[in-house]
Amino acid sequence: MDLSTQPVRAVPKSVQLHKNDVPREKRIKHNRGSLTRRQRSEASPKVRKEVHERSGGVCEKCDRARSAQLAHIERRWKSEGKPTAEDFADLCVDCHTWCDSCDEGRQWLLDFQDKLIELREEKAQ
Ligand SMILES: [Zn+2]
């Protein structure tokens, strides 16, 4: 037989399995369909809009500069489940850097979040 004219196959086509031949419970589980931690912690367009409406486009820390970035109040890698508007502060670049780079900044973010939660609870009453 002249092999140069034969297609290269590791397994002859007649023996190859189709995925439906393997029972569902025996198939390899993969997580191609699920979101990464990064994607899960991303602000949805709805949350972004909510935060921007709250801040009015002005930095929520210094109240002077135009806000440019949403700062995660919880560290990204700690976030569980879908983030809400209370998980973000609308900050200018300088304030965002400050918040993420020192303990004082972290503390400001946490206090800010407490204030947001208090406000919501007041509104609910
Ligand atoms: Zn600022």
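All of the numbers you see were taken from the coordinates with simple rules; none came from a lab. Source: prediction; values computed, not measured. So basically every Cβ, Gly included, is an ideal-geometry build from the backbone, and we count neighbours across all protein chains shown.
Using helices alone, what [θ] at 222 nm do you get for the chain, with -39,500 (n - 2.57) per DSSP H run of 4 or more residues, divided over all residues and rounded to the nearest 500? It comes out at -11500 deg cm²/dmol, rounded to the nearest 500. Within the shell defined by Cβ-Cβ distances under 12 Å, the residues around residue 91 carry a net charge of -2, with Lys and Arg each +1 and Asp and Glu each -1.
So which aspartates and glutamates pass the test for residue 61, namely a Cα distance under 16 Å, with those fewer than 8 places away in the same chain ruled out? Reachable aspartates and glutamates: 53, 86, 87, 90, 94, 100, 103, 104, 111, 114. Cross-link partners among lysines for residue 123, C-alpha distance below 17 Å, same-chain residues fewer than 8 apart left out? Partners within reach: 115.
With a Förster radius of 35 Å applied to the beta-carbon distance between residue 32 and residue 69, the computed FRET efficiency rounds to 0.70.
The charge dipole of the range 1-94, taken about the Cα centre with unit charges on the Cβ atoms of Lys, Arg (+1) and Asp, Glu (-1), comes to about 500 debye, rounded to the nearest 20.
Starting from the Cα gyration tensor of the range 42-125, take the square roots of the eigenvalues, sort them a ≥ b ≥ c, and report rounded, prolate or oblate (rounded when a/c is under 1.5, otherwise prolate if a/b is larger than b/c, else oblate). Cα axes put the range 42-125 in the rounded bin.
Roughly how far apart, in whole Å, are the Cα centres of the range 81-125 and the range 1-70? Centre-to-centre (Cα) distance: 28 Å.
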